Structure formats: structure tokens, C-alpha cells
Amino acid sequence: MKNQSLLVRIAFGVLPILVSLLVTGLLIILVGADPTKVVSKLWSGAFQDLASVSNVINFWIPLTLASIGLVVTFTAGLWNIGVEGQILMGALFASGVALYWQIPAPFLIPVEILIAMFGGALWAALVGVLKVYLGVHEIFGGVALNAIANVIAITLITGPWRGTAGGNSRGTPSFPPDAILPPISADLNVSLLAFIIVIVVIVVIWLALRGTRWGLQLKATGKNSRSALLLGVPTNRSTLSAFIVCGLIAGIAGSYRVLFTFGNLRPLVSGNIGFLALLVVLLISMRVLWVPVVTLIFALLLGGSAKLKIDLHLDASLIGVLQETVVLIVLLFSGLRQRLQERRAQADHPKPTSITATVENQRVVGESTE
């Protein structure tokens, strides 16, 4: 029985990948391209030189942070669609510090990141408050706050933060050199500090969800909030804490976009990373240690997509279609596996028939009167 269960798990782990490869190959053929050439160009586009590798890592860092944050809220059973706005608010708060706060150089970058975390957490907490105290579903609250964050950013960029030294409707003036995260080297244009932060966040969240009381409370709330409440779990506090932790991490992702990737604040600075992170979390089923692997694959695909347009004359949006196809197939297999597990559980523990239930009730009553 155990061997059969192991084989089923292996099959459901391998089959989605094989089917995804088959479907993506067919899609590539349908658009008139050679699948082997597409793979070759994607690979060379991502690893052509150190600049290409740097681009991949620079996209991987905020995507991984956003995905880790979403794992926390998904564990609590929350669809935090507002993560895009939380990334943007982190970018806004970090930009405000970079543009207007006079802080000595050694302390400026840490303060920027901390303030960005506060901005992301504040925006996430608003979604939690709307849900817990006003009954607004997190999807609707998150979408609304995403739109408000975009309006605030555009207002600041085209208004008070436009400045006179290089600012325009497409972005604020460039930040001072001391306010920008330093790269590892001129050739490898990656922030070592941000990379270390990502690793620390992964380890901390993995340990917190795996072996702390808070992590168990989040899981209980996500499984069945009503039952968890009856068992004494503070579900409202768990919900709010999940949003706040996600916002803190999303704020770091936003700060990286403005303090390293661009060096200034511009409209739509989040680059839809939050929405892509939602696909990542759906794909990995909330397994923290899978996040950096899957986000790296996504970053490699996006990093190499420019080669498709230049060398094969294919639209770069093909990569988005392929990514979403893979996610859809994995989700379909995940749902199928869950259905099979439910049926197997029902077969192993069948519900008692009415006659059996009656006899059992009579036995219990007889024992209680003796």
C-alpha cells in the first residue's frame, strides 16, 4: 500500500511536467517555430554574458520576495491580490526617504529598506482590517488598494516629486548615489545585500511556518477558520499578522525595484511582479523551499525572451502564455490528485449506514444507562 502511494505521488509529480512540456511544444509549433531553437535561444538569452545573468538575478530577487510573502497569506487561506500594491507602496516609501531624507550614508540604505517594509506592511494591514472588521473580501480590498497605490504613485511622480533635476512624467529624478544599493562589481550588476536578505527571508519564513505556534495557527486558520476559532485559535489576529508579514516582505521587493533596478521611482514600478508571484505560489502549493527554484525558472524564461523576438521574430509575450499554461496544467493535476485522495479516504473510512448508526447509538445509550 505504501509503495502504491509512493508511485502515485511520483506519477503526479512527473506527469504535470511531461504534459506541460508536450503542450508548450505544441504551442511553439503552432506559431511556426522550432521548439529546440526556442529552448536554445532562451538559454543563450539568459546566460549569454554576465549582464544577462545579472538581469535574471535582478528579476529573481523581488519575485522571490513577493512569492515568499504570498506563501504566508496563502497558508492562512487568504488570496492577497493586493500584493502588487504592497510592492508599490514599499517602493514609494523607500523613494521618499531617498529623495528627501538627509541621513548619513552608512545608515541611509538600511533606513530606506525599513521604511519600505513599513509602507508595504501598512498597505497590507489595510486589506486585513477591511476583511476582519468590515467584512470586505481580501480580493476586492486588494484590487481597490492596488488601484489607489497606482494613483498615488502617478500623482507624486507628475506632481511634488517631479522636481527640476531630471524629473518628468516618466519618473522622478535619479536618487543620490549613496541612496542606491551598490552592485557586487561592474560586470556582475547584482546587489549582494539584497541577495543575502532573500536567503534570510526564505529561511526565517520556512522555520516560522514549520515549527512555531504562529505557523500552526496560520495553518489552522487556513484549513478551517471556524473550527480553528472554536479550538481557541485567534483567527482575526492570525489573519492580520499574515497580511502584515506579507506586506513587510513585499515592501523589501518594492525597495529593490527603486533602489537598484531603476534608481528612481516610475509608474508601474512593480512590473506586475505581484501577479506573477501569485502564479508561482499556486504552482508550488505553498512549499517555501520550492519558491526560489520556481522563481528562478520564471526569471530565466523572462530573461531569455528578448532573444525570441530578436533572433526568431517571435513575440516575447509567448513566454507569458507558456508560463500560464504550465501553471494551469499543474493546477489541474493538483485538483485531480486531491479528488483521488478524497475518494481513497472515503473508501478506507466509509460512512456508517443508517442501520449501523442506529445499532451504534443503541449501544452507546445502553452503556450510559448501566
note = Short to long, in 10 Å steps from zero, the percent of alpha-carbon pairs of the stretch 99-187 per bin is 14, 30, 33, 18, 4, 0
Percent of C-alpha pairs per 10 Å bin, the stretch 195-314, short to long = 11, 33, 32, 16, 6, 2, 0
request  = With all distinct Cα pairs included, what does the Kirkwood hydrodynamic radius of the stretch 56-139 come out to in Å, to one decimal, could you say?
outcome  = 14.0
remark   = Output ordering of 204-212, 263-271, 112-120 (per-residue mean of other Cβ within 10 Å, highest first) is 112-120, 263-271, 204-212
message = Give me the percent relative contact order of the stretch 41-312, please, defined on Cα pairs under 8 angstrom at least 6 residues apart.
response = 41
request  = Quote the charge dipole size of the stretch 41-312 about the Cα centre in Debye, to the nearest 20; the model charges only the Cβ of Lys and Arg (+1) and of Asp and Glu (-1).
outcome  = 680
query = Over what distance in Å are the Cα centres of the stretch 261-288 and the stretch 81-126 separated?
reply = 16
request  = For a quick protection proxy, order the peptides 335-341, 88-94, 141-147 by their average other-Cβ count within 10 Å, most packed first.
outcome  = 88-94, 141-147, 335-341
note = Binned at 10 Å from zero, the C-alpha pair distances of the stretch 41-312 give percents of 7, 29, 34, 21, 7, 1, 0
remark   = Once both label points are put 7 Å beyond Cα along the C-beta direction, the Tyr100-Asp49 separation in nm becomes 4.1
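Taken together, the values in this text are just the output of simple stated rules run on the coordinates, not laboratory data. Since the model is a prediction, treat every value here as computed from it, not as a measurement. In this analysis, Cβ positions are derived from the backbone assuming ideal geometry, glycine residues included, and neighbour counts consider all displayed protein chains.
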